[in-house]
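Enquirer: Just passing along the structure, written as structure tokens.
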Amino acid sequence: MAVSRRDLRALLGKVEQELARPAAAAASAAILPFKRERGRPDIAFENLTATLEEKTGILWAEMHHLERACFTRPLMRDGREFQLYLKRLYQGASPEEMPFRYLAWVSRAKGAWSLGGDLSVFTALIRAQDREGLRAYAHLSIDVLHDNYCGLELPIITAAVIEGDAVGGGFEAMLTNDFVVAERGAKFGLPEILFNLFPGMGAYSFLRRRVGEVEARRLIEDGRTRSADELHQLGLVDIVCEKGEGRDRLREHVRANPRRFRTELALRRMRNRVEPVTKSELVDIVELWVDLALTLEEQDLRRMDCLARHQQRRRAAA
């Protein structure tokens with residue numbers, strides 16, 4: 001007798017429920033004991049704090065956004081040092097040896113996950129025609145983003161919990177994560193086209209592999225702001241939830257799927273193997289971005305100045 005797809009899904013759901021019952025008690029306990037001592041991942045920088053939540057196996061990486069709600073150079077330097085610290089600590093570790101399974105990026109700024117690249121720095125460097133300064137900023141950005149895309153070469157899943165707007169470089173950073181939870185009310189977009197630039201830190205590379213050529217170009221070239229629900233329909237957001245529920249929804253996902261972790265990890269590696277975003281691709285594109293940025297005219301830079309003031313207003317409260 002033929003079984004419909006709907007009946008098969010229902011049957012598999014019942015099987016999953018039966019399998020989950022004996023493991024319920026274990027899932028509620030700490031699930032990731034060390035087999036050998038490697039040190040803890042908790043660490044605090046001026047612009048970033050990492051806190052291990054042992055019950056869920058989530059390492060929360062909170063961006064402080066002290067100056068502006070964007071990727072300032074101090075924040076990126078702290079982020080890069082944090083990545084290198086984790087890589088040194090856990091290089092070669094198996095999943096069982098890791099004290100966390102999920103590295104989750106969150107923001108301390110109210111209403112802003114990240115408003116992108118530091119536009120006040122961009123305009124100053126462009127007006128000074130400082131090519132090397134722009135290149136240094138851009139290369140540091142792609143160092144951080146590409147390592148996050150690769151999961152730091154560790155057996156972990158990267159996640160973004162978007163509790164506020166993610167635009168420009170913030171949108172690009174979100175795309176490097178394996179799993180995304182977004183709260184309703186958060187806005188997403190790539191506004192660079194509005195001042196005759198393009199998002200140069202990986203947007204096209206990541207989008208093309210996720211949504212295809214036509215949709216990637218549309219997202220970059222129309223300059224529109226989009227909602228969490230719109231991104232969910234495109235497959236760029238995994239869970240949409242109400243405001244204030246983002247972190248709990250990630251916890252629920254982790255607790256509900258302990259047995260799927262290895263599968264999710266293998267699927268991430270498969271995707272990155274079949275059509276990888278290489279570091280050299282990002283470097284080549286960022287050089288195009290630098291060349292174009294240095295040709296922007298004063299009216300373009302004034303538009304960037306307006307958005308830079310918005311980044312300043314949205315910084316985290318002291």
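Rule-based calculations on the coordinates, nothing more; no lab input. The structure displayed is predicted, hence computed values, not measured ones. Cβ placement follows ideal geometry from the backbone for every residue including glycine, while neighbour counts extend to all protein chains displayed.
Enquirer: Would you mind checking the pairs K87/K279; K187/K279; K110/K279 and listing those with alpha carbons more than 22 angstrom apart? Walk me through the numbers on the way to the answer.
Expert: Working: K87/K279 17 Å; K187/K279 28 Å; K110/K279 32 Å.
The answer is K187/K279; K110/K279.
Enquirer: Using the Karplus curve 6.51 cos²θ - 1.76 cosθ + 1.60 with θ = phi - 60°, work out ³J(HN,Hα) for each residue of segment 236-244 in order, rounded to whole Hz, and write x for Gly and Pro.
Expert: Residue by residue, segment 236-244 yields 8, 10, 8, 10, 10, 9, 6, 4, x Hz.
Enquirer: Sticking with this one: For segment 82-204, take every pair of Cα atoms, bin their distances at 10 Å starting from 0, and report each bin as a whole percent.
Expert: With a bin width of 10 Å, the distribution comes to 12, 38, 32, 15, 3, 0.
Enquirer: Enumerate the amide H contacts of W105 below 5 Å, restricted to partners 5 or more residues apart or on another chain; note that Pro and chain-start residues carry no placed amide H.
Expert: A61, A159, A160, V161
Enquirer: Further, regarding this structure: How far apart, in nm, are the 7 Å Cα→Cβ label points at Q233 and Q91?
Expert: 4.7
Enquirer: Okay, moving on. Between rounded, prolate and oblate, where does segment 208-318 land on the alpha carbon gyration tensor, with a ≥ b ≥ c its root eigenvalues, rounded for a/c under 1.5, else prolate if a/b exceeds b/c?
Expert: Values: a/c = 2.21, a/b = 1.37, b/c = 1.61.
Cα axes put segment 208-318 in the oblate bin.
Enquirer: Order of 217-226, 233-242, 112-121 by packing, highest average Cβ count within 10 Å first?
Expert: Working: 217-226: 15.1, 233-242: 16.9, 112-121: 26.2.
So the peptides 217-226, 233-242, 112-121, ranked by packing, come out 112-121, 233-242, 217-226.
Enquirer: About the Cα centre, and with charges only on the beta carbon of Lys, Arg (+1) and Asp, Glu (-1), how big is the dipole of segment 252-318? Nearest 20 debye, please. Present the calculation step by step, with values, prior to reporting the outcome.
Expert: Working: 15 positive and 11 negative charges, 187 e Å.
The dipole of segment 252-318 has a size of about 900 debye.
Enquirer: Same structure, new question: Could you check the simple spin-label distance between K279 and R80, using points 7 Å along Cα→Cβ, in nm with one decimal?
Expert: The two pseudo-label positions are separated by 1.2 nm.
Enquirer: Report the FRET efficiency, 1/(1 + (r/R0)^6), for N272 and E252, where r is their Cβ-Cβ distance and R0 is 22 Å, rounded to 0.05. It would help to have the intermediate numbers written out before the result.
Expert: Details: r = 26 Å, r/R0 = 1.19.
Working from the Cβ atoms, E equals 0.25.
Enquirer: Can you run phi through the Karplus equation (6.51, -1.76, 1.60; θ = phi - 60°) for segment 95-108 and list ³J(HN,Hα) in whole Hz, with x for Gly and Pro?
Expert: Each residue's phi maps through the Karplus curve to give x, 5, 8, 7, x, 9, 10, 10, 9, 10, 8, 9, 10, 8 Hz.
Enquirer: To the nearest 500 deg cm²/dmol, what mean residue ellipticity at 222 nm is calculated for the chain from DSSP H runs of n ≥ 4 alone, each contributing -39,500 (n - 2.57), summed and divided by the residues?
Expert: After summing the helix terms and dividing by residue count, I get -16000 deg cm²/dmol.
Enquirer: Please give the peptides 208-215, 77-84 ranked by average Cβ packing (other Cβ atoms within 10 Å per residue), highest first, as a rough proxy for protection.
Expert: 77-84, 208-215
Enquirer: Which peptide among 141-154, 298-311, 262-275 comes first, and what is the full order, when sorted by highest mean count of other Cβ atoms within 10 Å?
Expert: Going by the mean number of other Cβ atoms within 10 Å, highest first, we get 141-154, 298-311, 262-275.
Enquirer: Membrane-span-like helices in the chain: DSSP H runs reaching 18 Å or more (Cα, own axis), mean Kyte hydropathy at least -1.0? Please report the intermediate quantities before stating the final value.
Expert: Working: long enough: 5-28 (32 Å, -0.28); 73-90 (26 Å, -0.95); 131-149 (26 Å, -0.50); 261-274 (20 Å, -0.85); 279-293 (21 Å, 0.71); 298-313 (23 Å, -1.77).
Helices meeting the span and hydropathy rule in the chain are 5-28, 73-90, 131-149, 261-274, 279-293.
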